[in-house]
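**Student:** Following this message is one structure expressed as structure tokens.
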Amino acid sequence: MTQQHPHPTPSRPGQPGQMTAVMRAVAPVTGPKVLRIGLVQGGKVIEERVIKQRTHVTVGPSEKSMFVIPSKSIPPNFRVFELVGGEYFLNFLDGMTGRVAFKGGVSELSALKSSAKRVAVGNVQAYQVQLSEEARGKLVVGETTFLFQFVAPPPVQPKPQLPVSVRSGIANDIDWTTTIIAAFSFLFHFGAVGSIYSDWMDPVVDDEIDVAQLLESVKQLPPPPVEQPKEDVEAPAATAAPAAEAPKAAGGGNKGAAAASPGKGSGGMNDARASALTNELAQLDMQMLGALNSSGNATASVLSSGDVPTGLLENAAASGAGVGKGGVAGLNMGGAGGGTVRPGAAGGGGLATIGNTGTSGPATAGSAQTVKGPVGNAQVGGAAVSGGSVSNAPSVVAGMTAGFRRCYNKGLQEDPSMKGSVRITAKIGPNGEVLSATPSGGSGLSGTVVSCVVARVQSAQFAPPEGGGATVVIPVTFVSQ
């Protein structure tokens with residue numbers, strides 16, 4: 001059995017072959033050289049970058065700088081390599097050190113200050129030296145060293161493409177004969193099914209004939225049945241007349257029976273119900289004794305001189321439902337006759353304990369004083385963060401002060417002399433949540449206050465810490481005011 005090898009597919013006219021594309025990719029690129037910069041910290045090269053596009057190279061503590069270095073001695077975005085008119089210039093400040101190798105030799109930056117051009121970079125004065133494409137050297141900025149040189153630009157990487165065998169094999173592998181036969185077969189079968197479910201073969205319907213048949217069927221419907229009139233319409237009136245005469249006979253001929261049972265047919269009231277209503281009315285009269293008399297409202301006389309009208313008392317006594325002013329059993333008001341009753345001045349002993357309401361002197365009821373409980377204050381110290389940086393730790397801890405104060409005020413209701421301090425150690429999770437809160441110290445504080453403070457810390461939400469976790473220590477001191 002022999003194995004067939006695929007023949008190489010010839011390239012299309014106007015397109016380079018695979019070998020030509022590879023040779024073009026590795027061909028040297030001509031043009032101006034670009035900067036190659038290495039960043040050294042602590043004696044180790046931590047970054048190396050080739051600036052493929054000739055542009056300004058900036059350093060500084062700002063995030064917008066190309067190289068971010070933690071140094072406060074330089075502006076936030078300082079152009080150390082500046083492109084002016086297609087040529088690179090080196091800018092350096094007084095605090096920078098280093099050396100530059102030119103064609104003529106190596107020169108220190110301190111020696112280049114005399115021949116360098118002074119330029120203003122922001123609010124500072126810098127020294128500017130032009131660099132050729134053969135120049136190289138180093139520049140020390142604080143604890144960071146920059147090594148630089150000019151190199152040829154890297155070759156442009158060709159756009160990735162599929163192999164020629166893959167691109168041309170898709171069309172070659174199709175069996176066009178089978179594909180055409182299958183296409184016509186699908187068209188035939190789907191056309192047959194469509195013709196079956198279509199209305200091409202349905203008979204033509206004449207709307208006028210159908211309407212005429214519908215009208216004819218309506219005419220042939222049977223008529224509705226005729227309702228017979230009712231003849232016994234006067235029957236209810238005849239039965240209502242005897243019913244109306246029955247109460248009359250009962251009311252005129254048997255009065256004793258109606259009196260014996262008033263609640264059933266006559267709508268009257270028996271003696272027990274009438275007596276109960278009389279007693280209720282008498283009690284209402286007793287409750288209105290201090291408000292009304294025979295001449296009108298008695299509220300003014302009651303408030304000004306303490307007089308209580310007794311006219312209604314005597315009326316109530318005369319009716320058997322109340323008492324009079326005299327020595328009635330239980331009240332012991334003293335005196336006799338009508339008039340008004342003045343508690344404390346009638347001479348009796350029954351109302352003497354109410355107080356003297358006479359006008360000899362002003363009556364005072366005293367003044368109410370509100371006793372204010374102890375109020376506490378919570379003093380939160382600076383939060384110590386370890387294990388990672390939490391950006392909003394101070395603000396979140398400061399927001400807990402009100403909750404700590406409420407916890408302390410609840411404890412002061414149980415022990416007004418309570419005071420002390422506690423330290424809460426909170427472990428922060430990767431999403432800023434409080435995983436655990438552990439109290440320490442807590443001398444002088446009750447367990448209720450400490451538990452309340454721990455619960456307040458556990459409900460806090462911090463910003464996600466750098467490094468995936470952090471520990472925040474919160475000192476709190478409670479002092480009563």
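**Student:** For region 119-150, which positions are on the phi > 0 side of the Ramachandran plot and loosely packed, with under 13 Cβ neighbours inside 10 Å?
**Tutor:** The one that is on the phi > 0 side of the Ramachandran plot and loosely packed, with under 13 Cβ neighbours inside 10 Å: GLY122.
**Student:** Could I ask something else about it? Please pick out the residue among VAL45, VAL22 that is of a type in the set (A, V, I, L, M), loosely packed, with under 15 Cβ neighbours inside 10 Å and either in a strand (DSSP E or B) or modelled with pLDDT of 90 or more (or both). Don't jump to the end; show me each part of the working.
**Tutor:** Details: VAL22 fails: either in a strand (DSSP E or B) or modelled with pLDDT of 90 or more (or both).
None of the other options fit; the residue is VAL45.
**Student:** Given the criteria open to solvent by less than 90 Å² (accessible area, probe 1.4 Å), without any contact (Cβ under 8 Å) to a residue 40 or more places away in the chain and either among the polar types (S, T, N, Q) or within 20 Å of LEU83 (Cβ to Cβ) (or both), does ALA182 qualify? Let's see the steps before the verdict.
**Tutor:** Working: open to solvent by less than 90 Å² (accessible area, probe 1.4 Å): yes; without any contact (Cβ under 8 Å) to a residue 40 or more places away in the chain: yes; either among the polar types (S, T, N, Q) or within 20 Å of LEU83 (Cβ to Cβ) (or both): no.
So ALA182 does not fit the description; no.
Let's see how each residue does on (1) modelled with pLDDT under 75; (2) in contact with a Pro (Cβ under 6 Å, 6 or more places away or on another chain); (3) among the small types (Gly, Ala, Ser); (4) in a helix (DSSP H, G or I):
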{"position": "PRO153", "(1), (2), (3), (4)": "no, no, no, no"}
{"position": "LYS159", "(1), (2), (3), (4)": "no, no, no, no"}
{"position": "SER168", "(1), (2), (3), (4)": "yes, no, yes, yes"}
{"position": "ILE174", "(1), (2), (3), (4)": "no, no, no, no"}
{"position": "THR179", "(1), (2), (3), (4)": "no, no, no, yes"}
{"position": "ALA183", "(1), (2), (3), (4)": "no, no, yes, yes"}
{"position": "PHE186", "(1), (2), (3), (4)": "no, no, no, yes"}
{"position": "GLY191", "(1), (2), (3), (4)": "no, no, yes, yes"}
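**Student:** If a residue must be charged (D, E, K, R) and either free of Cβ contacts under 8 Å to residues at least 40 places away in the same chain or part of a strand (DSSP E or B) (or both), how many such residues does region 119-147 contain?
**Tutor:** Of region 119-147, the ones charged (D, E, K, R) are 133-134, 136, 138, 143.
Applying the additional criterion that residues be either free of Cβ contacts under 8 Å to residues at least 40 places away in the same chain or part of a strand (DSSP E or B) (or both) yields 134, 136, 138.
Counting residues in region 119-147 that are charged (D, E, K, R) and either free of Cβ contacts under 8 Å to residues at least 40 places away in the same chain or part of a strand (DSSP E or B) (or both) gives 3.
**Student:** Would you be able to tell me the number of residues in region 91-118 that are surrounded by fewer than 15 Cβ atoms within 10 Å (Cβ to Cβ) and not in a loop (DSSP other than H, G, I, E, B)? I'd like the intermediate steps shown before the answer.
**Tutor:** Here is the first cut: in region 91-118, the ones surrounded by fewer than 15 Cβ atoms within 10 Å (Cβ to Cβ) are 94-95, 97, 101, 103-106, 108, 110-111, 113-115, 117-118.
Checking the rest, the ones that are also not in a loop (DSSP other than H, G, I, E, B) come to 97, 101, 105-106, 108, 110-111, 117-118.
Residues flagged as surrounded by fewer than 15 Cβ atoms within 10 Å (Cβ to Cβ) and not in a loop (DSSP other than H, G, I, E, B) within region 91-118 amount to 9.
**Student:** Can you report the number of residues in region 452-481 which are surrounded by 13 or more Cβ atoms within 10 Å (Cβ to Cβ) and polar (S, T, N, Q)?
**Tutor:** Summing the residues that are surrounded by 13 or more Cβ atoms within 10 Å (Cβ to Cβ) and polar (S, T, N, Q) in region 452-481 gives 4.
**Student:** Show me the strands (runs of 3 or more DSSP E) found entirely inside region 413-481 where at least 3 residues are closer than 15 Å to VAL385 by Cβ, touching a residue at least 60 places away in the same chain (Cβ under 8 Å) and touching a Phe, Trp or Tyr at 6+ places or on another chain (Cβ under 7 Å). Break it down stepwise before answering.
**Tutor:** Details: elements: 420-428, 434-441, 470-480.
Correct list: empty, since no element meets the threshold.
**Student:** Now for a different question. Please indicate, with yes or no, whether at least one residue in region 29-41 is at pLDDT below 55 and either open to solvent by 40 Å² or more (accessible area, probe 1.4 Å) or charged (D, E, K, R) (or both).
**Tutor:** Our first condition is that a residue be at pLDDT below 55; within region 29-41, this holds for 29.
If we keep only those that are either open to solvent by 40 Å² or more (accessible area, probe 1.4 Å) or charged (D, E, K, R) (or both) too, we end up with 29.
Yes.
**Student:** Can you find a residue in region 424-440 that is closer than 14 Å to VAL473 by Cβ, modelled with pLDDT of 90 or more, basic (Lys, Arg) and open to solvent by 50 Å² or more (accessible area, probe 1.4 Å)?
**Tutor:** We begin by selecting, within region 424-440, every residue closer than 14 Å to VAL473 by Cβ; these are 424-428, 434, 436-440.
Filter once more, keeping what is modelled with pLDDT of 90 or more: 424-428, 434, 436-439.
Pick out the ones that are also basic (Lys, Arg) and you get 427.
From what is left, the residues that are open to solvent by 50 Å² or more (accessible area, probe 1.4 Å) are 427.
Yes - at least one qualifying residue is present in region 424-440.
The values are calculated or read from the model by the stated rules, or taken from the named source; none is laboratory data. Please read these numbers as outputs of a predicted model, since none were measured by experiment. Neighbour counts are summed over all protein chains in view; Cβ atoms, including those assigned to glycine, are modelled from backbone coordinates with ideal geometry. Surface areas here come from the heavy atoms of the whole protein model, side chains and all, with no ligands, DNA or RNA. Shrake-Rupley method; radii C 1.70, N 1.55, O 1.52, S 1.80 Å.
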